[in-house]
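Asker: Dumping the structure here so I can ask a few things about it.
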């Protein structure tokens, strides 16, 4: 019985560590993958609290799903000048890549342009 419990705790620890993985790229800059999950009220925006240091033409991949499927969201990155670089998505599924137009620190954001709350979860890789 103890062995099952220890094994279960190890699996939980591995799953939690897998939520944020840092990868060293060829140019020695750190890249990361992280998960997100939140609910957004109509007309509101949720923004990550962590900035991503990116260079020109770096690509950020966002894969997620949201409900209700009839919802509509703008998904993208906010630059240091507070400009929102986004893609409008409908249908409940997000699978996009956004190329960064200029070097700087960017934050991930989602804006709910629909008329009801939207629940979204997925991951971002940069």
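The values are calculated or read from the model by the stated rules, or taken from the named source; none is laboratory data. Owing to the predicted nature of the structure, the values given are computational and were not obtained by experimental measurement. Quick reminder, even Gly has a Cβ in these numbers, built from the backbone with ideal geometry, and neighbours come from all protein chains shown.
Asker: With 111, 82 as the choices, which residue is out of contact with any strand residue (DSSP E or B) (no Cβ under 9 Å at 6 or more places or on another chain) and modelled with pLDDT of 95 or more?
Answerer: 82
Asker: Quick check on my filter: what residues within the range 68-84 are farther than 13 Å from residue 45 by Cα and surrounded by 14 or more Cβ atoms within 10 Å (Cβ to Cβ)?
Answerer: Result: 71, 79.
Asker: Out of 49, 65, 25, 93, which single residue is touching a strand residue (DSSP E or B) at 6+ places or on another chain (Cβ under 9 Å), within 28 Å of residue 113 (Cα to Cα), at pLDDT below 90 and surrounded by fewer than 15 Cβ atoms within 10 Å (Cβ to Cβ)?
Answerer: Answer to the selection: 49.
Asker: If the requirement is being touching a strand residue (DSSP E or B) at 6+ places or on another chain (Cβ under 9 Å), surrounded by fewer than 13 Cβ atoms within 10 Å (Cβ to Cβ) and part of a strand (DSSP E or B), which of these qualifies: 122, 35, 43?
Answerer: Every option except 35 fails the conditions.
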